[in-house]
Amino acid sequence: MGFRSLFIVAVGLTLAACASAPPQRNQQSPGNDYPTPQVRCPDCGRVERIEVSQVSGASNGKSAVLGGIVGGVASGSSATGYGPVQRAVTPNYRISVRMDDGRRLVFIQGAISPNLHEGSTVRIENGRVVLLR
């Protein structure tokens, strides 16, 4: 066998080796169109939406009577009747968070950081949304 024949056999074997090995691809389960994201912080995410609602709570009659008695004693007059029912209006914040692993969660809190807004990076601690940066 001459040099030319040896060269042709070597080129043929090289091409055959390249043709037989299919390119490597990420193996995904059927029906999964999106790759699983690599999550660095399983409790972290971004705020997608914040909704504010006002919740009013009526104080019970006992508190109103006790408040009237204490107020009357302090002012030197007597408290008569129950008086008007006092209502405290407090805000409730409904915070929608897109977690880093793709989940969407909703939290309802009575108070939030003044710097928390849509797009903020947050962490979930003890069931509450906490601003990270």
inquiry  = I need the phi-derived Karplus couplings for the range 103-116: 6.51 cos²θ - 1.76 cosθ + 1.60, θ = phi - 60°, integer Hz, Gly and Pro marked x.
reply    = 5, 10, 10, 10, 10, 10, 10, x, 8, 9, 5, x, 8, 6
query = For Ile50, what is the net charge nearby, where nearby means another residue's Cβ is under 10 Å from its Cβ and Lys, Arg count +1, Asp, Glu -1?
reply = -1
ask   = Measuring from label point to label point, each 7 Å out along Cα→Cβ, what is the Ile108 to Val89 span in nm?
value = 1.9 nm
inquiry  = Output wanted: per-residue J couplings in Hz (rounded whole) for the range 122-127, from phi through Karplus 6.51 cos²θ - 1.76 cosθ + 1.60, θ = phi - 60°, x for Gly and Pro.
reply    = 10, 10, 9, 10, 6, x
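Read-outs throughout are calculated quantities, based only on the coordinates presented, and are distinct from any laboratory measurement. Note that the coordinates shown come from a computational prediction; the quantities given were computed from them, not determined experimentally. Neighbour counts run over all protein chains shown; Cβ positions are idealised from the backbone, glycine included.
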